[in-house]
Amino acid sequence: MNSNTITNGILKAVAILLGFALLLFFIYKIQSVIGYIAIAVVISLIGRPIVLFLENRLKFKNTIAVIVTIIILLGIFVGLVGLFIPLVVKQSHNLSLLNIHQLQSNIEDLYVEIINYFNIHQINFEQSIKNSNLLSKIDYTVIPNFLNSIASGLGSFSIGLFSVLFISFFFLKDSRLFENGIMTFIPDSKETRWKNSTTKIKDLLSRYFVGLIFQILILFIIYTIGLLIIGVENAIVIAFLCALLNLIPYVGPLVGGLLMTILAMTSNLGESFSDVILPKTLWVLVVFIFGQLIDNFGSQPVIFSKSVKSHPLEIFLVILITGILFGVIGLVIAVPAYTAIKVILKEFLSENKIVKKLTKGL
């Protein structure tokens, strides 16, 4: 091996590393566009059954079916936004009149009531946090600042919404548009297998995302009925937020339960802790636990077994591993990514013993 060969090898390695770095930099710069495409893909998978129904059953032309589907999905989105507008307007008005010191005083009063209540029952945990000055360290101005940041992001949100709808329209109109884009990187000898894989993936993920919608709907109904019976303010909005958080496996339900509990407690500031706040909070926890039991032992197993054809234990391990490796994003994309990988493995490595076992139900 002469010096020219070594030099050429080093230059080639440097060029590859530089090209890879430039590719990562390019992806970083267009990450918002990649996000729009990913959301559009999910929307197209959700809307695909509607388009097929309109085309096959009602004999709509493809373009008309896609337009109707987009209108239906947009109407659902606008309806959900309309659900939150009264709450946002009300809270914005309250925050414009908010006395931060008064808010801090109210929360400190609630804290004192909690301490007094547990002291009555010979349960003393005040000393464990007494010296931490936790309440004095909380920056209560973060609440209006957070809302201001949301308002400043409405402009970029409108651009993103238009972009997602525009891309979704063409993904729904030409269901093979995304697939054909991928095919440009696939060798000719592998095209048939890739086409079979993408068709199967689209069918499975369409069922999965539609199943998630039903899962959220079931939780939303349970939470709404329970919170309305208890008498929690803004029960519909709280129920929807907590049901939506359930999309994030394992972490989402915990955050949702904490959010539901905090909102139930703070909605009764000034009331007696032992007579009003504590009983209502306990009933809220009962509603949350009941909803989670129905979801964990009813909705989720049906969705996973019927839509992506995977055993719940198998899904649990996949979500756990991806969550450890990639955090919250890993939790969200675990099931769709794992389903796609299984379909591809079955198409290309169908004779492998391990692949046969994993893809038995596909």
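The values are calculated or read from the model by the stated rules, or taken from the named source; none is laboratory data. The shown structure was predicted, so the numbers you read here are calculated from the model rather than taken from an experiment. Here the Cβ is made from the backbone with ideal geometry for all residues, glycine too, and neighbour counts use every protein chain on show. Ligands, DNA and RNA are stripped out before the accessible areas are found, and what is left, the full protein with its side chains, is counted by its heavy atoms. Shrake-Rupley method; radii C 1.70, N 1.55, O 1.52, S 1.80 Å.
Close contacts from the stretch 46-71, counting a first residue that is in the same structural domain as Lys200 (by the TED database) and a second that is part of a helix (DSSP H, G or I), with Cβ to Cβ under 7 Å and a gap of 6+ residues or different chains, come to none at all. Taking the stretch 194-244 as the range and being free of Cβ contacts under 8 Å to residues at least 40 places away in the same chain and among the charged types (D, E, K, R) as the test, the residues that pass are Lys195, Asp203, Glu233.
Is there any pair linking a residue in the stretch 340-362 that is more than 21 Å from Thr192 (Cβ to Cβ) to one that is buried (at least 19 other Cβ atoms within 10 Å of the Cβ), with Cβ under 8 Å and at least six apart or on different chains, and which? Here the result reads Leu358/Lys342; Gly361/Ser310, each pair linking the stretch 340-362 to a residue that is buried (at least 19 other Cβ atoms within 10 Å of the Cβ). Let me spell it out: the conditions are (1) at pLDDT 75 or above; (2) in contact with a helix residue (DSSP H, G or I) (Cβ under 7 Å, 6 or more places away or on another chain); (3) surrounded by fewer than 13 Cβ atoms within 10 Å (Cβ to Cβ), and Thr359 meets all of them except one. Which number is the exception? Failing condition for Thr359: (3).
Within the stretch 277-300, restricting attention to residues that are surrounded by 14 or more Cβ atoms within 10 Å (Cβ to Cβ) and more than 18 Å from Leu244 (Cα to Cα), the residue that is modelled with the highest pLDDT is Trp283. Of the residues making up the stretch 305-321, none is open to solvent by less than 30 Å² (accessible area, probe 1.4 Å), assigned to a helix (DSSP H, G or I) and among the hydroxyl-bearing types (Ser, Thr, Tyr). Note on the stretch 166-188: residues that are assigned to a helix (DSSP H, G or I) and either under 21 Å from Asp203 (Cα atoms) or at pLDDT below 70 (or both) total 14.
For the stretch 342-353, the criterion of a residue being closer than 30 Å to Asn234 by Cα, modelled with pLDDT of 75 or more, surrounded by 13 or more Cβ atoms within 10 Å (Cβ to Cβ) and not polar (S, T, N, Q) is satisfied by no position. For the stretch 242-253, the condition of being outside the structural domain of Gly47 (by the TED database), part of a loop (DSSP other than H, G, I, E, B) and open to solvent by 50 Å² or more (accessible area, probe 1.4 Å) holds for at least one residue. The residue that is nearest to the chain's Cα centre (by Cα), counting only those in the stretch 35-66 that are open to solvent by 70 Å² or more (accessible area, probe 1.4 Å) and closer than 17 Å to Leu165 by Cβ, is Ile39.
Can you give me the number of residues within the stretch 227-241 that are open to solvent by 20 Å² or more (accessible area, probe 1.4 Å) and part of a loop (DSSP other than H, G, I, E, B)?
3
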